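Worksheet for the structure shown next.
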Amino acid sequence: MRTTMRMRDAAHLLLAALSAAVLAGCGGTPPGTSPTGTSPAPTAPAPSPSVPISPAPTHTDPPTAGKGDAELSILVKASESAAPDSFTLVCKDGTPAEGTQHPTPEAACAALKAEPGIVIRAPRPTDLVCTMQYGGPQTAMVSGAIDGRGFESTFSLKDGCEISAWNAARDVLGSTGGAF
């Protein structure tokens, strides 16, 4: 029993010493000086990582409301060999207009009015790091114009960045656009 108490006391002392060392390194001395007040020897800057980690892009524009005018063609495929489901989405002032053939046109038009850039995707940066997860074989292509701006974008579920973009555009992709 006495040995166990000595070990526990030693562990507590070690923990206290480590805590004091960490706290001393976290503050209390001005930058560029040591705890004794002298300047430390210069050091080389830390090497930068070879692959920067960036947030997943979901669209090209920051979220801002638009006019809500859109004319889109949407093709969603459940797999590479599946026939595509095809939708036409026409919105005027954020509400479905004549010519719309979409499973959830009200939600799609409202999403486009709230954030017009939700389906307009920028090219993916080559140094972007995405989680290695697979959401399924579904793919989608959206083309047309939103508030007068023409575009063509593709979507998939092949990694975390693509899944994020898909989920952001889910209302526009339609009911077969997957619920990941």
Within segment 86-101, residues surrounded by 15 or more Cβ atoms within 10 Å (Cβ to Cβ), of a type outside the set (Lys, Arg) and outside any loop (DSSP other than H, G, I, E, B) come out as Phe87, Leu89, Val90, Cys91, Pro96
With criteria (1) at pLDDT below 95; (2) outside any loop (DSSP other than H, G, I, E, B); (3) not β-branched (Val, Ile, Thr), Cys109 comes up short on (1)
Looking at segment 107-140 only, could you name the residues that are open to solvent by 60 Å² or more (accessible area, probe 1.4 Å), hydrophobic (A, V, I, L, M, F, W, C) and under 22 Å from Gly66 (Cα atoms)? Ala114
Those residues of segment 133-148 which are in contact with a helix residue (DSSP H, G or I) (Cβ under 8 Å, 6 or more places away or on another chain), under 17 Å from Ser86 (Cβ atoms) and of a type in the set (Val, Ile, Thr), in sequence order: Val142
For the condition of a type in the set (Phe, Trp, Tyr), open to solvent by less than 60 Å² (accessible area, probe 1.4 Å) and touching a Phe, Trp or Tyr at 6+ places or on another chain (Cβ under 8 Å), what is the one hit in Phe151, Phe155? Phe155
Is there any pair with a first residue in segment 101-119 that is over 13 Å from Leu173 (Cα atoms) and a second that is buried (at least 17 other Cβ atoms within 10 Å of the Cβ) and among the hydrophobic types (A, V, I, L, M, F, W, C) whose Cβ atoms are under 7 Å apart and which are 6 or more apart or on different chains, and what are they? Pro116/Ile146
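The values are calculated or read from the model by the stated rules, or taken from the named source; none is laboratory data. What you are looking at is a predicted structure, and each value in this text was computed from that prediction instead of being measured. Because the Cβ atoms are built from the backbone with ideal geometry, glycine has one as well, and the counts that use them run over all protein chains shown. These accessible areas exclude ligands, DNA and RNA; they are computed on the full protein's heavy atoms, side chains included. Shrake-Rupley method; radii C 1.70, N 1.55, O 1.52, S 1.80 Å.
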